[in-house]
1. Name the single residue, out of those in segment 62-94 being aliphatic (A, V, I, L, M) and under 16 Å from the mean Cα position of the chain (by Cα), that is most open to solvent (accessible area, probe 1.4 Å).
2. In this structure, does Ala336 turn out to be closer than 30 Å to Gln269 by Cβ, assigned to a helix (DSSP H, G or I) and in contact (Cβ under 8 Å) with a residue 40 or more places away in the chain?
3. Any residue that is open to solvent by less than 10 Å² (accessible area, probe 1.4 Å), part of a loop (DSSP other than H, G, I, E, B) and of a type in the set (A, V, I, L, M, F, W, C) - is there at least one of those in segment 267-279?
4. Go through segment 380-389 and report how many residues are in a helix (DSSP H, G or I) and surrounded by fewer than 20 Cβ atoms within 10 Å (Cβ to Cβ).
5. I'd like to know if segment 234-243 contains one or more residues that are open to solvent by 30 Å² or more (accessible area, probe 1.4 Å), in contact with a Ser or Thr (Cβ under 8 Å, 6 or more places away or on another chain) and at pLDDT 95 or above.
6. I'd like to know if segment 244-262 contains one or more residues that are closer than 25 Å to Phe156 by Cβ, in a loop (DSSP other than H, G, I, E, B) and open to solvent by 70 Å² or more (accessible area, probe 1.4 Å).
7. Cβ contacts < 7 Å: first residue free of Cβ contacts under 8 Å to residues at least 12 places away in the same chain and of a type outside the set (Ser, Thr, Tyr), restricted to segment 175-203; second residue assigned to a loop (DSSP other than H, G, I, E, B) and open to solvent by less than 50 Å² (accessible area, probe 1.4 Å), any location; separation 6+ or different chain. Result?
8. For Leu111, indicate whether it is aliphatic (A, V, I, L, M), touching a Cys at 6+ places or on another chain (Cβ under 7 Å), outside any strand (DSSP E or B) and in contact (Cβ under 8 Å) with a residue 24 or more places away in the chain.
Amino acid sequence: SKLAALFEHPLYNIPIPEVTEKDKLFIVNPMEKFSLRSSGSDEWVSSSKAETLLPTGKTAYDTYPTWLKFHVGINRYELYPRRDPLLPTLLQDLATQRIVSSVQKSGGTQLKLIMTFPNYGQALFKPMKQTRDQETPIDFFYFSDFERHNAEIAAFHLDRILDFRRIPPVSGRLVNITKEIRDITTDKKLAKTFFISPAGNICFYGECSYYCSTEHALCGKPDRLEGSMAALLPDKTLAKRRSWRSPWRRSYHKSKKAEWELNPNYCAQVRETPPYDRGHRLLDLIDMAILDFLMGNMDRHHYETFEKFGNDTFLLHLDNGRGFGTHSRDEPSILAPLQQCCSVKKSTYLRLQLLATQPYRLSDLLREALAADPLAPVLAEPHLRALDRRLGKVLAAVGHCLAR
């Protein structure tokens, strides 16, 4: 396994700083029993009357569902640890656990569902809209592109291979539209949008601002539908998140350009603007730009952080559905933060160099990681080959900066 060898490499064993109580998202006494309560969100409450030791001799923490252990493990430095024993179980849960409720997620331009499991865990379901080999048409603007379920799955594994670990775990899943959505939904608006197509397939389209209509309906075969299941982060009532507008946000206009596209010295003013004027926030943003360039994602207008950790923490790389849309062309403007600032973390640069070598070739590693997903093959081969080409371009950009 190239993947196992990669995670054994010294560059993937650089220790994170010591995690103190204030560096944890949640302070949890592992002896204290928690009771989960259904409130439409994944809240949980401390049960003060509960016995701290269970009759089996295990601590209460041992009985937490995997999703709760994932939430409890989040800290200032990482969303989940490199050698996380929970990860295989969490991915398995996302792929196989019984769905007891499915409702449409509010907001956004495209249909997404919140799925709930019997243990109160929740996942974000993005349904399949395109086949693996459909490329985004060359005349499409980035903001009118479809979101792809397989891009969400591939982005999680790519983020982990780059050792960022800033995307919540995602698994592919084949969902039964009838039993796992239509028959159990309590969402009246969603329920009204189900119909049977002329071909005899079960379809639905939900309600949203752009792509929710009969023309953009999602249809099963006859009622089986592929999608990505992403582990939800803790409810915002329990762990507030802050949304930040990216300084390299695109104009989202058919003819206007953003300031960074017109001003070659744009980075100088970003460096003087909080929160980019101190700490590693700018370098984290450049990490995100590299991830986006590798998967061809032009749609990074905002990013989020956990409010508790202030400015000194990682960026959450959420919403990656517009990645992996094209393999035959690259979009150099995604790398603008790296090219304009000529800065990159040394650890990121060394890992990128490693991933360009034969024993740890990036395309081979991602192919191996995706092979274990229930929807394998997740990416068409040309997308995997494009990764190696794009990685060469990232290293060339850093080389150009070093030469300057």
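The values are calculated or read from the model by the stated rules, or taken from the named source; none is laboratory data. Computed from a predicted model, the values in this text were never measured in an experiment. Reconstructed Cβ throughout: ideal geometry from the backbone, glycine too, with neighbour counts over all protein chains shown. Calculation scope for accessible area: heavy atoms of the full protein, side chains included, ligands and nucleic acids excluded. Shrake-Rupley method; radii C 1.70, N 1.55, O 1.52, S 1.80 Å.
1. Step by step, filter segment 62-94, then rank; the result is Leu91.
2. yes
3. Narrowing segment 267-279 to residues open to solvent by less than 10 Å² (accessible area, probe 1.4 Å): 267, 270.
Within this subset, residues satisfying the condition of being part of a loop (DSSP other than H, G, I, E, B) are none.
No: segment 267-279 contains no residue that is open to solvent by less than 10 Å² (accessible area, probe 1.4 Å), part of a loop (DSSP other than H, G, I, E, B) and of a type in the set (A, V, I, L, M, F, W, C).
4. 5
5. Looking through segment 234-243, at least one residue is open to solvent by 30 Å² or more (accessible area, probe 1.4 Å), in contact with a Ser or Thr (Cβ under 8 Å, 6 or more places away or on another chain) and at pLDDT 95 or above.
6. So far as segment 244-262 goes, no, none of its residues is closer than 25 Å to Phe156 by Cβ, in a loop (DSSP other than H, G, I, E, B) and open to solvent by 70 Å² or more (accessible area, probe 1.4 Å).
7. Correct list of pairs: Ala191/Thr185.
8. Numbers: aliphatic (A, V, I, L, M): yes; touching a Cys at 6+ places or on another chain (Cβ under 7 Å): yes; outside any strand (DSSP E or B): yes; in contact (Cβ under 8 Å) with a residue 24 or more places away in the chain: yes.
Judged against the criteria, Leu111 is a match.
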